[in-house]
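See below for the structure under consideration.
We did not get these values from a lab; they are worked out from the coordinates using the rules stated. The model shown is predicted, which means the values in this text are computed figures rather than measured ones. Note: ideal-geometry Cβ built from the backbone for every residue, glycine included; neighbour counts use all protein chains shown.
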Amino acid sequence: MTAMSVPGDDASQPSRRRTRALLAKLAPLGFLFALVVAFSLLNPNFLDPDNLFNVMRQVSITGLIALGMTFVILTGGIDLSVGSILALAGITAAIVAKGGTAGSLSLDEGAQAGAPWYAALATALAVGALCGGAQGIAITRLKVPPFVATLGGLSAFRGLTLWVSGAAPISGFDPSVLWWGQGTIGPVPAPVILFLVAAVVCHVILSQTRYGRQIYAVGGNQEAAHLVGIANDRIVVSVYVIVGALAGLAGFILMGRLNTAEAIAGNGYELTVIAAVVIGGTSLFGGSGSVAGTMIGAVLIGVMVNGLVLMNVSSYIQQVIVGLMIVAAVAFDRFVASLRE
């Protein structure tokens, strides 16, 4: 006799898969909530408004870069140079703000009159965009794999930063520059406002525009995207320009926050940024992810690091935990993909 299938079981399979996939997408948010509850119970100071604003202020800097990294990873790429781009953009913006390298590599606030804050900001954005664009061209025109191209950029841009600055910090900026890192709008720190505004803009671009749909298409299947008329190379170059510009903006904000630009700024940021994007649910293989997920991932890492600091956990252990979180997030991404099959 032939075994008969139960129609109800077949019909329920798609529904079960959708339910499991939805639960998988909500997992990072649930983990974030669990972390907040746990750290609140372990240390009452965690929920202090000053501490929460401090967490968000720190998250906003890496979060800005993570927004750009979301565009890159959605296309199936990666950018390991964002920390070096941040440092180079910050140093060049500092030189503009101080009026040149002569007499500016010091702690003397009146060393030399420089350009207005908007010229320094424009410089940071331009340098970041140029660095990102150069890597995008190397990837598309020279056919260098993104990992190799941006690994080279990590070293080259850091070396260029050391050469331009003479390996010395540049400090003592005008209050208009400092506001971008230290100022507030009401009770909310300015960097947090900038991060939220950038997140809204990026979300609209990815979810509501033709360009955003093209990014998902390129990441999902480059050959199919090319066949329907999408200029793959232009899309790829553009996303590296975006992440570079946002790294430049983050460098300018960090300079304002610390009142110092230095060649070692952003060291190790690439790990935190990639972790935020992947933990937030963006697939390292491209074609799937969201800005909202990246924001959750960035906040989750910020909350975890802050909570561990309050608990006096070693910074070395913190790095171990972040590394394990990346591995777990990629494994989880593969699990989610299997639920869709």
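Each peptide among 181-191, 81-91 gets the average number of other Cβ atoms lying within 10 Å of its residues, and from highest to lowest they stand as 81-91, 181-191. Considering helices alone, the calculated mean residue ellipticity of the chain at 222 nm is -25000 deg cm²/dmol, with DSSP H runs of length four and up weighted by -39500 (n - 2.57) and normalised per residue. Compared with the direct C-alpha span, the chain from residue 45 to residue 176 gains 44.0 nm at full extension, assuming 0.36 nm per residue. Its relative contact order, with pairs defined as Cα atoms under 8 Å and 6+ residues apart, puts the range 42-197 at 32 percent. Site pair residue 54 and residue 119 shows an inter-label distance of 3.7 nm when each label is modelled 7 Å from Cα along Cα→Cβ. On the beta carbon distance between residue 193 and residue 143, with R0 = 41 Å, the FRET formula returns roughly 0.50. Look at the alpha carbon pairs under 8 Å that are at least 6 residues apart: their mean separation over the length of the range 61-334 gives a relative contact order of 35 percent. With both labels modelled 7 Å from their Cα along Cα-to-Cβ, the residue 224 to residue 207 distance reads 2.3 nm.
Expressed as a whole percent, how much of the Cα-Cα distance distribution for the chain exceeds 29 Å? That tail contains 42 percent of the Cα-Cα pairs. With the convex hull of its Cα atoms as the shape, the range 220-341 has an orientation-averaged projected area of 9.8 nm². Stretching residue 314 away from residue 233 to a fully extended chain increases their span by 24.8 nm, per 0.36 nm per residue minus the current alpha-carbon distance.
For the range 257-327, taking the reciprocal of the average inverse distance between every pair of different Cα atoms yields a Kirkwood hydrodynamic radius of 13.3 Å. Between residue 335 and residue 184, the contour length at 0.36 nm per residue exceeds the alpha carbon distance by 50.2 nm.
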